[in-house]
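The values are calculated or read from the model by the stated rules, or taken from the named source; none is laboratory data. Given the structure is predicted, the values throughout are model-derived calculations rather than measurements. Ideal geometry is used to build each Cβ from the backbone, glycine not excepted, and the neighbour counts take in all protein chains shown.
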Amino acid sequence: MEPVLEIRNLNVDYGLGDRAVQAVRDVSLTLHKGEVLGLAGESGSGKSTLAYGMTRLLAPPGAITGGEVIYHPEQGSPYDVLALSDRALRQFRWAETAIVFQGAMNSLNPVHKISTQLTDVLKAHEPKLSEHSRNARAREMLKLVGISTDRMDAFPHQLSGGMRQRVMIGMALILQPQVVIMDEPTTALDVVMQRQILGQLIDLRERLGFSVIFITHDLSLLVEFSNRIAIMYGGRIVEEAPAATLYRDALHPYSKGLLGSFPALRGPRRELSGIPGSPPDLAGMPTGCSFHPRCPKAFEPCSTAIPVLGRPDIPDGAGRSVACWLHPAEQPVG
Amino acid sequence: MRYFLQRIAFYLFTAWAAVTLNFFIPRLVPGDPVQALISKYQGQLSTKSIQSLYVLFGLDKHQSLWQQYIDYWKQIFHGDLGLSFTFFPAPVSQVIGQALPWTVLLVGITTIISFTLGTGLGVLAGWRRGSWADGLLPVTTFFSSIPYFWLGIIAIYLLAGPDSFFPSSGGFDSELVPAWDQYFIPSAIQHSLLPALTILVSSVSGWILGMRNMMVTVSSEDYITVAHAKGLPERRVALSYAARNALLPSVSGFALALGFIVGGTLLVEIVFSYPGLGFTLLQAVGAKDYPLMQGIFLIITIAVLVANLLADVAYLLLDPRTRKEG
Ligand SMILES: Nc1ncnc2c1ncn2[C@@H]1O[C@H](COP(=O)(O)OP(=O)(O)OP(=O)(O)O)[C@@H](O)[C@H]1O
Ligand code: SF4
Ligand SMILES: [Mg+2]
């Protein structure tokens with residue numbers, strides 16, 4: 001499969017100097033054309049930071065301290081998003097990679113109509129388009145996500161939460177990007193609505209052929225909807241595998257823990273983490289494998305040496321990677 | 001719309017209450033304006049002229065309180081606010097009519113400039129926080145913390161004087177007669193510069209700080225991140241997304257400030273002996289000129305109410321969330 005976005009050794013810090021916390025550490029991850037890549041991990045594991053980092057949307061004090069994000073455009077040669085000039089970055093944004101902050105109720109500007117917010121993207125990226133065709137495109141996108149076009153002149157507060165999310169999906173697709181990132185924050189909408197909207201996005205992906213990075217706490221959603229899953233812990237990717245493989249036979253004890261604690265359809269989200277102990281403190285990360293204080297299988301090298309992410313030493317280890325001393329890497333990733 | 005009608009009803013009620021209070025208070029305090037006038041003229045008035053004064057002031061003893069109240073309303077609708085004693089026999093409406101333009105022009109224009117300038121700088125300071133623009137803040141905070149009269153006195157002491165370009169008091173050169181001509185207008189402008197400058201210096205920082213803080217607050221909203229993610233030009237994100245939302249609280253503040261143009265400028269006009277409404281109010285208080293005081297309070301009340309209404313309208317226009325359907 002052809003890659004569309006390759007994250008290589010990405011590091012993101014919050015703050016500067018000694019006080020800095022490393023929220024994303026040495027992450028390498030590849031998104032292939034047309035696939036849905038799921039990213040899961042407990043709250044605070046750095047999922048959003050990774051998403052903001054690779055799109056350069058980090059607000060201070062967040063800063064990228066190293067790495068590359070190689071984008072493969074449909075035509076032309078690959079380039080590093082992190083090295084783009086401000087101008088080139090503006091052109092890259094939304095046209096190549098769009099973000100949907102799923103569940104975020106405030107993604108739409110409350111003082112402008114839906115139509116204005118759909119068309120200003122077109123105005124910025126395709127200035128030659130006439131107003132008439134801009135409006136036509138905006139209406140087309142609303143239809144695509146199942147919203148009646150007479151809502152064009154509605155203001156965000158006049159739409160329900162689910163409709164607003166669908167508007168955001170429509171907006172994300174208006175420039176036909178190759179990559180759509182969906183980030184679901186801790187305070188998500190209800191699970192049924194989420195499933196429905198996600199299902200819709202996956203349908204659209206099959207028709208329009210973009211790739212999706214889907215970020216969530218909810219591994220059950222990922223198992224159902226994604227092709228591959230990457231698990232994050234303490235700012236690092238600790239395991240990555242095809243969805244079915246990970247579901248059947250997760251190698252990393254943390255992934256197993258996550259899988260063993262599928263959340264109830266309703267109820268507090270905390271139950272998700274059936275793993276004893278609490279997520280690591282980024283400021284004082286444990287030495288060695290950062291999961292070792294909580295790991296039921298921790299043994300002698302775990303507290304001193306960091307396991308690298310790589311192809312595990314098992315018979316059918318191709319196409320997956322893990323960072324755990326139980327399965328020392330044969331070929332490190334990145 | 002229903003909300004709006006409710007607001008209008010509320011303002012009408014408040015206006016009615018203010019006028020009614022204005023009617024009753026002088027009638028409840030011991031002594032009356034005519035007594036005050038009699039003592040002012042020290043027995044030079046005949047019984048007959050005293051009687052006609054009572055009629056003139058609408059304090060005709062033979063009428064019932066209710067009848068007086070009705071007449072009071074009629075007078076107000078005719079713009080008749082009674083006679084001033086300080087400027088006797090000039091009617092209050094005329095005295096106010098002469099003072100009001102000075103205040104409205106000086107403070108009105110200054111308030112608008114201050115709001116526009118302060119908001120503009122606030123947008124800049126908020127959007128470019130962490131840059132040179134942050135240096136603006138301590139300076140403006142310093143100036144805004146100086147009490148106004150002190151600032152005015154310092155300004156007069158430092159900048160005004162016999163040889164200075166800035167006159168220290170008055171609204172125009174005393175040798176001139178008020179008229180719209182090439183002598184009077186420049187003189188009036190020259191006299192207004194120093195008071196205007198001090199008002200500006202003391203008020204602009206409030207707008208800057210308010211707008212800057214709102215910009216900072218709004219900048220962390222999701223829709224700003226989305227606007228960046230959409231690759232919109234920086235200007236559009238800053239103005240149409242951030243500033244447009246950050247402006248909302250400032251706009252109602254501005255409308256209210258317009259309401260206080262009439263009432264809130266006492267100090268300016270006193271320090272600079274500026275012939276506006278505040279200065280006139282000071283004179284009225286000094287002379288126990290009740291009709292004039294009443295008239296000025298009425299104007300102030302109405303101005304504040306109109307400003308509140310304006311704030312509501314502005315909010316309705318600027319924030320779609322306040323516009324309920326139906
Ligand atoms: N602005 C910030 N300043 C300092 N630290 C931050 C900031 N934003 C995030 N962090 C830290 O970075 C880490 C990763 O946060 P991030 O939001 O990426 O986690 P997440 O995996 O997306 O969590 P969630 O599932 O709750 O959305 C957290 O430990 C958080 O405390
Ligand atoms: S490296 Fe050790 S501590 Fe870390 S997950 Fe594997 S077994 Fe557990
Ligand atoms: Mg997050």
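Select from the stretch B:272-311 the residues that are among the charged types (D, E, K, R) and at pLDDT 85 or above and list them in ascending order.
The first filter runs over the stretch B:272-311 and keeps only residues among the charged types (D, E, K, R), leaving B:288-289.
Matches in the stretch B:272-311: none.
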Does any residue in the stretch B:59-71 that is in a helix (DSSP H, G or I) come within less than 9 Å, Cβ to Cβ, of a residue that is modelled with pLDDT of 80 or more six or more places away or on a different chain, and which pairs are these?
B:L65/B:F24; B:Q68/B:F23; B:Y69/B:T20; B:Y69/B:F23; B:Y69/B:F24
Identify all residues within the stretch A:207-252 that are part of a helix (DSSP H, G or I) and either among the aromatic types (F, W, Y) or surrounded by 24 or more Cβ atoms within 10 Å (Cβ to Cβ) (or both); write none if there are none.
A:L219, A:L222, A:F225, A:L246, A:Y247
Scope the stretch A:202-222; condition under 15 Å from the mean Cα position of the chain (by Cα), away from ligand 3 (no atom under 16 Å from the Cβ) and modelled with pLDDT under 90; matching residues:
A:I202
Has the stretch B:241-251 got any residue that is in contact (Cβ under 8 Å) with a residue 24 or more places away in the chain and within 18 Å of the chain's Cα centre (by Cα)?
yes
Say we look at the stretch A:313-334 and pick out the residues that are modelled with pLDDT of 90 or more and under 23 Å from A:T30 (Cβ atoms); which of these is nearest to ligand 1 (Cβ to nearest atom)?
A:A323
Pick out the one residue from B:S145, B:S114, B:S192 that is surrounded by fewer than 16 Cβ atoms within 10 Å (Cβ to Cβ), under 29 Å from B:A255 (Cα atoms) and of a type in the set (S, T, Y).
B:S145
If you go through the stretch A:10-29, how many residues are away from ligand 2 (no atom under 16 Å from the Cβ) and under 11 Å from A:I237 (Cβ atoms)?
5
State whether the residues of the stretch A:197-211 include one that is farther than 23 Å from A:Y52 by Cα, away from every other protein chain (no Cβ under 14 Å) and within 16 Å of ligand 1 (Cβ to nearest atom).
no
Qualifying residue in the stretch B:259-277 (condition: buried (at least 23 other Cβ atoms within 10 Å of the Cβ), in contact with a Gly (Cβ under 7 Å, 6 or more places away or on another chain) and within 14 Å of chain A (Cβ to nearest Cβ)):
no
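Can you find even one residue in the stretch A:53-66 that is hydroxyl-bearing (S, T, Y), over 25 Å from A:K256 (Cβ atoms) and either within 16 Å of ligand 1 (Cβ to nearest atom) or modelled with pLDDT of 95 or more (or both)?
Yes, the stretch A:53-66 contains a residue that is hydroxyl-bearing (S, T, Y), over 25 Å from A:K256 (Cβ atoms) and either within 16 Å of ligand 1 (Cβ to nearest atom) or modelled with pLDDT of 95 or more (or both).
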Going by the structure shown, is B:S192 small (G, A, S), more than 29 Å from B:A246 (Cβ to Cβ) and modelled with pLDDT under 85?
yes
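Is at least one residue of the stretch A:1-11 more than 14 Å from ligand 3 (Cβ to nearest atom), of a type in the set (A, V, I, L, M), surrounded by fewer than 17 Cβ atoms within 10 Å (Cβ to Cβ) and away from every other protein chain (no Cβ under 14 Å)?
First, the residues of the stretch A:1-11 that are more than 14 Å from ligand 3 (Cβ to nearest atom): A:1-11.
In the following step, the residues that additionally are of a type in the set (A, V, I, L, M) were identified as A:1, A:4-5, A:7, A:10.
Checking which are surrounded by fewer than 17 Cβ atoms within 10 Å (Cβ to Cβ) leaves us with A:1.
Filter once more, keeping what is away from every other protein chain (no Cβ under 14 Å): A:1.
The answer is yes, given that some residue of the stretch A:1-11 is more than 14 Å from ligand 3 (Cβ to nearest atom), of a type in the set (A, V, I, L, M), surrounded by fewer than 17 Cβ atoms within 10 Å (Cβ to Cβ) and away from every other protein chain (no Cβ under 14 Å).
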Could we say that A:T55 is buried (at least 23 other Cβ atoms within 10 Å of the Cβ) and either within 10 Å of chain B (Cβ to nearest Cβ) or within 16 Å of ligand 2 (Cβ to nearest atom) (or both) here?
yes
Could you grab the pairs with beta carbons closer than 6 Å, sequence gap of 6+ or different chains, first residue in the stretch A:27-50 and free of Cβ contacts under 8 Å to residues at least 40 places away in the same chain, second one of a type outside the set (S, T, N, Q) and not in a loop (DSSP other than H, G, I, E, B)?
A:T30/A:P3; A:T30/A:E6
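A quick yes/no check of all residues on (1) surrounded by 11 or more Cβ atoms within 10 Å (Cβ to Cβ); (2) modelled with pLDDT under 80:
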residue: B:S131; (1), (2): no, yes
residue: B:V139; (1), (2): yes, no
residue: B:W150; (1), (2): yes, no
residue: B:L158; (1), (2): no, no
residue: B:F165; (1), (2): no, yes
residue: B:G171; (1), (2): yes, yes
Please determine, by comparing only the residues of the stretch A:167-201 that are modelled with pLDDT of 90 or more and farther than 18 Å from A:E35 by Cα, which one is surrounded by the fewest Cβ atoms within 10 Å (Cβ to Cβ).
A:L175
For residues in the stretch A:59-81 being surrounded by fewer than 16 Cβ atoms within 10 Å (Cβ to Cβ) and within 14 Å of another protein chain (Cβ to nearest Cβ), which is nearest to A:G15 (Cα to Cα)?
A:P61
Taking the condition within 14 Å of ligand 3 (Cβ to nearest atom), of a type outside the set (D, E, K, R) and out of contact with any strand residue (DSSP E or B) (no Cβ under 9 Å at 6 or more places or on another chain), does A:A40 pass?
no
